[in-house]
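Data first, discussion second: the structure below is written as C-alpha cells.
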Amino acid sequence: MRRLALIPLAFLALAACSHKAQDEAATAGNTMSADANATMAEANRDVDAAANQAFGAAENSIDKVGNVTKDARNKAGQAMKDVGNEIQD
C-alpha cells in the first residue's frame, strides 16, 4: 500500500522538474543513443573488414592449391612424355 502511494509522488517529482532539467535529460538520452549507434556502426565496419580479409586469404589459398595442382599435372605429363621418348629410343 505504501508503494502505491509513492507512485503519484514520483510523477509529481518528474513533473516538477524545470524545463532546463528536462532538456538536459533529453540531451543526455540523445547523446547516449548517438554513442550506441556509433559503436554499432564501428563494430559493423570491423566485422566487414575481418570477413573481407578472411575471404581474401581463403581465395589466395585456393588459387595456390590450383597452381600447385596445375604444376604437378604438367610435371607428370612431362615425365610421361620423357618415359615415352625413352621407350622409343
Practice item. Would you list which lysines come within 24 Å of Lys64, measuring only between C-alpha atoms, while excluding same-chain residues fewer than 8 positions from it? Key: Lys75
Revision key, fill the gap. In order over region 20-35: 3J(HN,Hα) from phi, Karplus 6.51/-1.76/1.60, θ = phi - 60°, whole Hz, x for each Gly or Pro, gives 4, 5, 5, 5, 5, 5, 5, 5, 4, x, 5, 5, 5, 5, 5, 5
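Rule-based calculations on the coordinates, nothing more; no lab input. Since this is a predicted model, take the numbers as computed values, not measurements.
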